[in-house]
Every structure is written in structure tokens, then in C-alpha cells.
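Asker: Below is one structure. I have some questions about it.
The values are calculated or read from the model by the stated rules, or taken from the named source; none is laboratory data. Please read these numbers as outputs of a predicted model, since none were measured by experiment. Every residue, glycine among them, receives a Cβ derived from its backbone with ideal geometry; neighbour counts consider all protein chains shown. Only protein heavy atoms, including side chains, enter the accessible area calculation; ligands, DNA and RNA are left aside. Shrake-Rupley method; radii C 1.70, N 1.55, O 1.52, S 1.80 Å.
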Amino acid sequence: MMGRLRAMREPLKYVQGRDATLKFHEEMGYMGKRWLFVCSNSGYKACHDKIEKSFGELDDYRRYEVFGGISSKGEIAKMEEIVKADNIDTVVAVGGGSAVDTAKATAYYTGKHIVIVPTVAATDAPCTGLSVIYNDDHSFDKYLFYPTNPDAVMVDTTVIANAPVKFLIAGMGDALGTYFEGRASIRTESASLEGTGITRAGQALARLCYDTLKTYGKQAVEACKVHAVTPALEAICEANVYLSGVGADNVNCAAAHSFYNGVTSLGIKHADHGCCVALGTLVQLVLEGAPKEEFEEVQNFCLEVGLPVTLEEIGVTTPEQVEAIAKNACIPGETIHNLAGDVQPIELYDAIMQADAMGKIALGK
Ligand SMILES: [Zn+2]
């Protein structure tokens with residue numbers, strides 16, 4: 001049998017910095033003259049004036065759609081209509097996950113350019129080549145995989161610094177999984193998230209992601225609390241958005257993300273995606289039999305930046321819930337199966353209980 005082809009994919013262009021959106025047209029103008037901005041409410045408020053300023057006297061067509069929904073089939077179809085009716089060249093997402101996924105899907109289905117302007121650094125979605133699509137009743141429909149990653153991603157770090165710090169912390173949780181989940185996938189020679197062989201470049205980005213979190217995480221949290229754009233904040237924005245997104249795409253996920261999926265299957269009010277992934281990373285380390293030093297290093301990082309180390313902190317309170325998480329995290333197709341061995345729900349259950357117990361000790365409970 002022929003071996004799997006290795007591949008590396010990432011956005012064609014990545015731009016980041018203080019008031020970056022003031023240079024929106026300077027950096028992205030090569031993509032056309034007719035623009036559709038798919039904005040979340042807060043994204044519109046944070047970026048509209050700066051993006052407009054970047055066009056100066058130019059008479060490019062700009063349409064801003066403020067959008068409060070999720071990336072559902074209906075919303076995407078609505079945006080597709082606008083792209084066709086207004087003869088749009090480039091779709092731009094301005095906002096968080098829902099705006100990003102809606103804009104990505106719209107651009108893909110209409111064959112247009114796509115630029116992502118994330119206004120929070122809460123997940124690694126902006127740089128990835130996939131979206132989560134929902135049905136109109138808000139139930140999960142599918143992961144939509146694209147043939148390439150976005151044309152460009154622009155991160156205005158002034159905007160990130162002015163968003164609530166909880167988003168930056170959640171983004172660090174999502175980024176925390178990248179190296180450890182990637183390492184697990186590499187150990188078993190699993191495919192990347194995009195289904196290709198894993199490159200050395202992908203591995204290096206995942207490693208750099210973790211190193212950057214450890215070096216600058218705490219400082220970035222303090223910077224964000226006072227809305228300061230500092231080198232530490234810049235480093236964490238790059239880790240959360242670029243290193244984690246491109247890293248994860250080019251390695252793979254493992255138990256930490258399956259743990260998150262298990263938590264969402266409970267249908268309870270739970271902590272943000274990244275916060276669950278952080279605890280899931282600790283669970284994965286237990287499951288892998290990681291040495292004490294490594295577990296403590298990751299747990300200390302979580303404590304330092306304010307990520308959860310116990311079940312209670314993410315909203316899980318009963319053993320029955322843990323059983324359900326373990327069962328649903330191990331269904332066929334879950335990325336937990338990128339781990340060595342055929343992980344069984346009982347093994348995951350026990351790992352969750354140990355990680356939680358060690359978290360309680362760390363918190364003095
Ligand atoms: Zn994630």
C-alpha cells in the first residue's frame with residue numbers, strides 16, 4: 001500500500017498587531033473591490049470604524065451584515081444570496097466562532113475569497129480549514145472540511161486586549177491541547193486533522209504553541225485585564241489563533257477534544273470550549289500515564305492563568321455525568337482513538353476521576 005502523503009496547510013497570509021484593522025485595505029485590497037463583512041454584534045462595534053477608515057477615499061463596495069445567529073444552514077444560505085445578488089469578491093468574518101464559520105462556509109459555497117478578522121482569541125478556529133455547521137434548530141449537523149485554509153487572517157490585538165479576559169484564557173485552554181493531542185497522534189502515526197500525513201513543520205508549531213503559553217500566558221492575562229497591548233499579549237494572540245489553529249490542523253486532536261465532546265453531550269450548562277479542553281488535556285495526561293513532573297507542569301499552568309483543574313469548575317458535578325462523558329467521548333470516530341491502545345470508557349472514567357482528584361488537592365479542597 002502507498003504511504004499517506006504528508007501535507008502542510010495554513011492561511012496564505014497572517015497579519016497581527018496593534019490597530020491592525022486600520023490597515024485592512026492595505027493588506028487585503030488585492031482580493032477585490034466588493035466586500036461582504038459578516039459581523040457579530042461586538043465585532044461590528046469593535047472594527048467597523050477602523051475598517052472603514054482603511055478604505056480612505058476608495059469607492060469599493062462594502063456591505064456589513066450584523067448577524068446574531070449561529071453557523072446554520074439557513075444563515076449560510078442567506079449570506080450566499082447576498083454574495084450573488086451584490087456580486088461580492090471577498091467575504092470577511094468579523095467576530096467570534098459563529099461569524100467565522102458562517103463566513104467561511106459562504107465563501108466556500110460561492111467560490112469567493114475569505115478573510116477572517118477574529119475579535120476574540122477564544123478558540124483556534126480562525127486559521128483552520130474546517131467549520132462546525134449546525135442545523136437551523138441549533139443541533140450539530142457536521143464538520144465541513146475545506147480544500148484550503150482561509151486566504152487571510154487579520155488579528156487586531158487592540159480589539160483582543162479590549163475583549164473580556166475570559167476569552168483569552170479560554171483560547172489558551174484550546175491551545176494547551178494542541179501539543180499534547182498532536183504528540184499522541186504522532187505516536188500512533190495517525191493522520192492529521194485534515195487527513196494527511198503529519199509534517200515536521202506541524203509538530204514544531206504545536207511544540208512552539210505550548211512553549212509560548214508557558215512563557216507568556218500569565219503576563220498576557222494581566223495585560224488583557226488592563227487592556228494593554230504588550231509583547232506578552234501579542235505572543236499569546238499568536239499562540240491562540242495561529243500556532244494552535246495551524247498546529248492542530250496539521251497534527252490532530254486526541255482525548256482532550258473528545259472529553260469536550262463528552263461534556264457537551266450532557267446537555268448541561270458547561271464552561272467554554274477551551275476551558276473544557278484544558279481539563280481534558282489533564283485527563284489525557286493521566287490516561288497516557290504521563291510522569292508526575294509533566295502533569296504538574298500542565299496543571300500549574302492552568303492554575304497560573306485561571307483555567308479549570310477540577311470537574312466542578314466546568315459544571316460537572318455527579319459520577320453519572322462522568323460516566324456519560326466517558327461513554328460519549330469514546331464513540332467510534334472520536335479523536336480519542338488517536339491515542340495508543342483502544343481506549344475504553346472505563347479507562348477514561350478512571351482517568352477523569354484521578355485528574356479531578358489531583359485538581360482538588362491543588363485547590364486545597
Ligand atoms: Zn478546540
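Asker: Please report the carbon-and-sulfur percent of the accessible area for the chain; probe 1.4 Å, protein heavy atoms only, DNA, RNA and ligands left out.
Answerer: Details: 8130 of 15340 Å².
Accessible surface attributable to carbon and sulfur in the chain totals 53 percent.
Asker: Can you tell me the accessible area per residue over the chain, all protein chains present, probe 1.4 angstrom, in square angstrom? If you can, show how the numbers build up before the last one.
Answerer: Working: 15340 Å² over 365 residues.
On a per-residue basis, 42 Å².
Asker: Something else about it: Taking only DSSP H segments of four or more residues, each worth -39500 (n - 2.57), what value at 222 nm results for the chain once the sum is divided by all its residues, to the nearest 500 deg cm²/dmol? Spell out each step's value before the answer.
Answerer: On the way: 15 runs with 189 residues, N = 365.
About -16500 deg cm²/dmol.
Asker: Where the centre of each part is set by its Cα atoms, how far does the stretch 148-165 sit from the stretch 50-109, in angstrom?
Answerer: 16 Å
Asker: Evaluate Rg over Rh across the chain, taking Cα atoms for both radii and Kirkwood's formula for Rh. Can you show the working numbers first?
Answerer: On the way: Rg = 20.1 Å, Rh = 20.7 Å.
Answer for the chain: 0.97.
Asker: I've got another one for you. Sort 200-211, 46-57, 174-185 by the packing proxy (mean of other Cβ within 10 Å over each peptide's residues), most packed first.
Answerer: Details: 200-211: 19.9, 46-57: 16.7, 174-185: 27.4.
Descending packing order for the listed peptides: 174-185, 200-211, 46-57.
Asker: Using 32 Å as the Cα-Cα cut-off, could you pick out the over-long pairs in 78/225; 53/225; 73/218; 78/327; 23/225; 104/166? Show your work: numbers first, answer last.
Answerer: Values: 78/225 37 Å; 53/225 27 Å; 73/218 39 Å; 78/327 37 Å; 23/225 26 Å; 104/166 25 Å.
78/225; 73/218; 78/327, as the Cα separations exceed 32 Å there.
Asker: Now a separate question. Which net charge results when you count Lys and Arg as +1 and Asp and Glu as -1 among the other residues whose beta-carbon is under 11 Å from that of residue 73? Before the final figure, lay out each step's value.
Answerer: Values: positive: 78, 142; negative: 75, 80, 136, 137, 141.
So the environment of residue 73 carries a net charge of -3.
Asker: Work the Kirkwood hydrodynamic radius out for the stretch 13-162: mean of 1/r over every pair of different alpha-carbon atoms, inverted, in Å.
Answerer: Values: mean 1/r = 0.0668 Å⁻¹.
Mean inverse Cα-Cα distance, inverted, gives 15.0 Å.
Asker: State, to one decimal in nm, how far the label point of residue 304 lies from the label point of residue 30, with both points 7 Å from Cα in the Cβ direction.
Answerer: 3.9 nm
Asker: A follow-up question, please. According to a simple spin-label model (label point 7 Å from Cα along Cα-to-Cβ), what is the distance in nm between residue 204 and residue 136?
Answerer: 4.9 nm
Asker: Let me ask another. With Cβ to Cβ distances under 11 Å as the rule, what net charge do the other residues near residue 118 carry (K, R +1; D, E -1)? Walk me through the numbers on the way to the answer.
Answerer: Numbers: positive: none; negative: 124, 156.
Result for the neighbourhood of residue 118: -2.
Asker: What aspartates and glutamates does residue 112 reach when the alpha-carbon gap must be under 15 Å and sequence neighbours fewer than 8 apart in one chain are set aside?
Answerer: 80, 81, 86, 89, 101, 151
Asker: Any idea what angle helix 165-187 forms with the longest principal axis of the chain, computed on alpha-carbon atoms, 0 to 90 degrees, nearest 10?
Answerer: Helix 165-187 sits at roughly 60 degrees to that axis.
Asker: So what's the net charge close to residue 251: Lys and Arg +1, Asp and Glu -1, counting the other residues with Cβ under 9 Å from its Cβ?
Answerer: On the way: positive: 183; negative: 181, 249.
Within the 9 Å Cβ shell, the charges total -1.
Asker: Still on this model: Students often check this: by mean Cβ neighbours within 10 Å, which of 88-95, 253-260, 224-231 ranks highest, and how do the rest follow? Please list the in-between numbers first.
Answerer: Details: 88-95: 26.8, 253-260: 28.6, 224-231: 15.4.
Top to bottom by mean Cβ count within 10 Å: 253-260, 88-95, 224-231.
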